[in-house]
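This report refers to the structure that appears directly beneath it.
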Amino acid sequence: MTTSSSPPLLPPRPAPPSARRSWRGALRQELFATPLDGVISVLLLAALLAAGVGFWHWAFRQAQWAVIQANTTLFAVGRYPLLQQWRLWLLVTLAGATIGASWGLLRSHPRADRSGTLWPINDLVAIAVLAFVAAWLPVALKLPVPLQLRWWAITALLLVLRGVSGQWGQLVPRRLLRFLPLLWPALYLFGMVLIAGGLGVPRVPPSEWGGLLLTLLMASFAILLSFPIGIVVALGRRSTLPLLRWSSVLYIEFIRGAPLITLLFLGQNILGYMLPGGWAPDRVWRAAWVLTFFCGAYLAEAVRAGLAAVPVGQLEAARSLGLSVPQALRHVVLPQALRIALPATVGQFISLLQDTTLLSLIGLLDLLGTARTVMANPEFLGKNAEVYLTLAVLFWCCCAALGLGSRALERRLDPSHSPT
Amino acid sequence: MSDIQRVPWWRDRRVVPWLVQGAVGVAILVVIALLLGNLVRNLTAAGLLLTWRWLGQPASFDVAESLIPFDASMPYWRVLVVGLVNSLRAIVVGLVGATVLGTAVGMAAFSGNGLLRRLARVYVEVIRNIPLLLQLLFWYFVVFLALPNSTAALQWPGVVLSKSGLYLAWFADGFQWQGPTLVNDVWRAPLRLSVEFSALITGLITYTGAFVAEVVRGGIAAVPRGQWEAATSLGLHWSATMRTVVLPQALRVIVPGLNSQYISLAKNSALAVAVGYADLYSVSETTLNQTGRALEVFLLLLGAYLLIDLVISVLMNGVNQLVQIRER
């Protein structure tokens with residue numbers, strides 16, 4: 001009927017750099033190119049405005065954020081014993097220091113950091129955002145003043161170390177810089193000792209971990225351990241040996257065919273029967289292993305796609321140079337395959353982080369499980385919207401940050417950008 | 001022959017693969033034997049050895065909603081069938097809804113309207129980075145349970161939305177179009193969806209819709225630009241170009257991608273337990289709590305979901321063959 005008005009026909013294409021238009025022209029082109037577009041734009045703008053005003057009104061007039069402010073500790077660490085919380089503070093401080101030092105050192109060695117020249121202003125943006133969030137959040141959450149001061153001190157430490165190592169990092173010889181990546185696994189292991197206890201520190205059983213702490217622990221544990229599983233199973237699936245191939249296929253299809261919740265069900269209700277008496281781990285660790293093997297199967301598929309994208313000639317060339325199959329895989333095929341598989345891999349990690357919320361369905365007190373206990377508290381009954389919204393923002397930020405990091409890493413690993 | 005250097009057997013390429021396979025095979029067998037041996041021993045000790053006789057005993061718990069007749073005196077197998085039917089209902093409605101929403105949003109990413117394009121982007125980015133379980137709980141507790149009760153229900157032509165459910169106009173007795181009516185402060189309509197079901201499918205559709213939108217966007221982006229330009233120069237307008245030129249070609253890329261999204265929707269439907277919808281997983285969990293038959297319930301669940309995945313895959317492979325280009 002309205003064929004006479006010809007809507008824009010082509011998908012948008014970035015304007016050539018010479019064709020600079022005024023903002024008015026741009027606005028007109030984007031929103032009011034045709035009468036139909038104009039109507040759609042006006043309707044959408046009206047709807048957006050109404051939604052925005054409604055949300056503003058709710059968030060600042062009706063919502064009672066006390067439910068968040070009164071339970072920050074619970075959301076952060078669950079029922080972790082109060083007297084042992086200094087260990088978590090120490091861990092956060094060490095993590096802040098490590099982040100600051102690594103960040104600065106990478107920037108001060110532009111050759112080690114191939115991405116440095118790609119986004120110079122991002123650093124300033126990141127510092128500004130970090131400083132703002134760290135300054136504002138403890139106040140908005142109405143943390144007690146000593147805790148506010150601690151967060152500010154940790155942020156200051158991070159920024160100072162970033163500044164110092166960025167300024168004088170070049171004095172650090174490159175020989176030492178090679179060990180920088182080792183700092184992270186070391187910090188992780190030390191963090192596990194701090195959280196769980198042992199080596200002379202009093203033990204805190206996993207049943208007392210909770211909140212964001214449990215969520216991050218479960219996700220990081222599963223991510224770290226599922227990675228080798230994924231690589232081994234992917235290689236097994238592409239192996240010429242039938243037994244290896246079929247057992248890999250069986251594992252992958254078994255895991256991918258079932259919903260995660262049924263696998264968690266398996267872990268909670270049946271795994272205990274399958275292990276010798278006394279071997280069955282704690283409920284939290286059982287769930288952690290299920291998450292690990294679950295993620296491993298999906299990663300195997302991602303890595304397999306990466307392996308399939310590496311031309312066979314690469315392996316043949318490496319073999320004809322005299323490399324053994326393991327050497328050829330390690331030095332030639334896997335580096336290329338993993339780079340190709342990177343987006344899918346990070347996508348899998350993001351979905352694993354989201355999948356940790358399912359732990360609340362089997363009665364563990366992860367972030368969502370803790371939130372549900374808070375909402376069941378008569379004092380905070382009916383504060384669902386505030387709590388769910390906060391959790392959503394938190395998850396969104398974590399997942400979006402992982403996605404951003406993945407894209408940055410992709411660019412950094414892209415051979416077409418490398419200086420050599 | 002003595003001057004030919006013999007390759008030692010541990011480096012012989014005819015022997016090594018068999019050694020590796022043998023080692024892996026033995027390791028797998030040992031692990032499986034250990035696990036199964038323990039399982040049998042422990043289950044025997046607990047008196048829970050694999051049996052299906054309990055399926056015939058009365059379930060003695062009720063299910064909130066069921067498409068087939070059911071009451072608590074009926075046997076366990078019946079309640080599991082009720083759960084399966086409920087799951088299938090959510091999956092089918094979810095598939096259709098997610099496809100429609102995803103296709104619309106995926107196409108909006110190529111609209112000439114900048115606002116629409118950016119909104120489509122924002123929708124995808126927001127939805128994909130928030131856990132589905134959180135979204136389902138949000139829809140159920142924050143949106144659907146906060147609806148007004150029957151007397152103050154939200155009303156549109158043919159649609160009534162209240163705390164007690166979603167009432168829709170539909171064909172009733174003798175193919176007569178009939179809308180919802182209020183009788184004694186209770187809504188009656190040919191089609192009533194419970195709040196649990198509504199929350200579940202709203203969550204599943206909006207979540208899967210975002211992933212479908214990405215698949216559709218990728219498929220459309222894979223159509224060469226020349227196709228748009230050729231259609232344009234023939235005088236086709238946007239919607240005709242999309243419908244007759246671009247989408248048929250994009251479908252070849254889209255359909256395989258949809259397959260995995262559909263399967264993940266089917267698996268995600270098991271999260272219905274969080275919003276109190278009596279799907280297969282939810283009734284299985286109750287069954288386990290009453291009978292203690294963990295292994296049998298798990299095997300049934302696994303089998304049911306594998307079957308659903310298989311059916312979706314087979315159907316989508318059929319669709320895939322339909323949309324492929326037939327070369328002469």
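The values are calculated or read from the model by the stated rules, or taken from the named source; none is laboratory data. What you see is a predicted model, and the numbers here were worked out from it, not measured in a lab. Because the Cβ atoms are built from the backbone with ideal geometry, glycine has one as well, and the counts that use them run over all protein chains shown. Calculation scope for accessible area: heavy atoms of the full protein, side chains included, ligands and nucleic acids excluded. Shrake-Rupley method; radii C 1.70, N 1.55, O 1.52, S 1.80 Å.
Report, as an integer, the average count of C-beta atoms from other chains found within 10 Å of each Cβ along B:114-120.
For peptide B:114-120, the averaged partner shielding equals 5.
What is the spread of the Cα atoms of region A:330-385 along each of their three principal axes, largest first, in whole Å?
Taking the Cα atoms of region A:330-385, the three principal extents are 60, 21, 12 Å.
Given the alpha-carbon gyration tensor of region B:1-124, what are the semi-axes of its equivalent ellipsoid in whole angstrom, ordered largest first, with each equal to the square root of 5 times an eigenvalue?
Details: eigenvalues 532, 322, 23 Å².
Each semi-axis is the square root of five times an eigenvalue, giving 52, 40, 11 Å.
Aspartates and glutamates within cross-link reach of residue B:163: Cα-Cα under 13 Å, excluding same-chain residues under 8 positions apart?
Filter leaves B:185, B:196.
By average Cβ neighbour count within 10 Å, what is the ranking of A:288-298, B:42-52 from highest down? Mind showing how you got there, number by number?
Values: A:288-298: 21.6, B:42-52: 12.5.
The densest-packed peptide leads the list: A:288-298, B:42-52.
Provide the descending list of Cα extents for region A:208-420 along its principal axes, expressed in whole angstroms.
71, 48, 26
Using alpha-carbon positions, what is the distance between the centroids of region B:234-281 and region A:178-203, in Å?
Result: 45 Å between the Cα centres.
Out of region A:168-232, which chymotrypsin sites (Phe, Trp or Tyr not before Pro) are coil in DSSP terms and have no more than 16 other C-beta atoms within 10 Å?
Working: sites: A:168, A:179, A:188, A:190, A:209, A:221; in loops: A:179, A:209.
Here the sparse-neighbourhood loop sites are A:179.
In the protein assembly as shown, if the dipole is taken from +1 on Lys/Arg beta carbons and -1 on Asp/Glu beta carbons about the Cα centre, which of B:317, B:36, A:378 is farthest to the positive end?
B:317
Set the Förster radius R0 to 45 Å, insert the Cβ-Cβ distance between residue A:47 and residue A:136 as r into 1/(1 + (r/R0)^6), and round the FRET efficiency to 0.05.
Efficiency for this residue pair is about 0.90.
Cα atoms only: what Rg and Dmax, in Å, come out for region B:194-243?
Considering region B:194-243 through its Cα atoms, Rg and Dmax are 16.9, 51 Å.
Which ³J(HN,Hα) values, rounded to whole Hz and listed in residue order, are derived for region B:200-207 from phi using the Karplus coefficients 6.51, -1.76 and 1.60 in 6.51 cos²θ - 1.76 cosθ + 1.60 with θ = phi - 60°, glycine and proline given as x?
Values, residue by residue: 4, 6, 4, x, 5, 5, 5, 5 Hz.
Between residue B:60 and residue B:164, what FRET efficiency follows from the Cβ-Cβ distance if R0 is 25 Å, with the result rounded to 0.05?
0.40
Roughly how many nanometres apart are two label points built 7 Å out from the Cα toward the Cβ at residue A:127 and residue A:32?
The answer from the label model is 4.3 nm.
Residue A:56 versus residue A:321, label points 7 Å from Cα toward the beta carbon: distance in nm?
6.2 nm
Kirkwood Rh, Cα Rg: Rg to Rh for the protein assembly as shown?
That ratio is 0.97, to two decimals.
Using Cα-only point scatterers and the Debye equation, what is log10 of I(q)/I(0) for chain B at each q in 0.08, 0.13 Å⁻¹, rounded to two decimals?
Scattering profile of chain B, log10 relative to I(0): -0.58, -1.12.
Strictly greater than 26 Å: what percent of every Cα pair in chain A meets that?
On the way: 59932 of 87990 pairs.
Tail fraction, whole percent: 68.
Can you give the charge dipole size of region A:81-203 about its Cα centre, rounded to the nearest 20 debye, using +1 on the beta carbon of Lys and Arg and -1 on the beta carbon of Asp and Glu?
260 debye
Give me D for region A:81-203 in µm² s⁻¹, whole number, from Stokes-Einstein with Rh from the Kirkwood sum over alpha-carbon pairs, 20 °C and 1.002 mPa s.
D = 133 µm²/s.
Could you give the C-alpha radius of gyration of region A:165-284 expressed as a fraction of 2.2 N^0.38 Å, taking N as the number of residues it contains?
For region A:165-284, the normalised Cα radius of gyration is 1.48.
Take residue A:220 and residue A:408, extend 7 Å from each Cα along the Cα→Cβ direction, and tell me the distance between the two endpoints in nm.
For residue A:220 paired with residue A:408, the spin-label model returns 1.7 nm.
Connecting C-alpha atoms closer than 10 Å in a GNM of chain A, tell me which of A:233, A:145, A:303 has the biggest fluctuation.
Among A:233, A:145, A:303, the largest mean-square fluctuation in the Gaussian network model of chain A belongs to A:145.
Could you tell me which trypsin sites (Lys or Arg not before Pro) in region A:118-196 are loop residues by DSSP with no more than 11 other beta carbons within 10 angstrom of their beta carbon?
Loop-located and lightly packed - A:178.
Can you check what the net charge comes to around residue B:142, using other residues whose Cβ is under 14 Å from the Cβ of residue B:142 (Lys, Arg +1; Asp, Glu -1)? Intermediate values should be presented prior to the final figure.
Values: positive: A:372, A:383, B:163; negative: A:386.
Counting the neighbours of residue B:142, the net charge comes to +2.
Could you tell me which trypsin sites (Lys or Arg not before Pro) in region B:13-70 are loop residues by DSSP with no more than 12 other beta carbons within 10 angstrom of their beta carbon? The partial results should precede the final answer.
On the way: sites: B:13, B:14, B:41, B:53; in loops: B:13, B:14.
Within region B:13-70, the qualifying trypsin sites (Lys or Arg not before Pro) (loop, at most 12 other Cβ atoms within 10 Å) are B:13, B:14.
Hey, what's region A:208-420 come to in accessible area per residue, 1.4 Å probe, Å²?
Value returned for region A:208-420: 43 Å² of accessible area per residue.
Would you please calculate the Kirkwood hydrodynamic radius of region B:142-242 over all C-alpha pairs and express it in Å, rounded to one decimal?
17.0 Å
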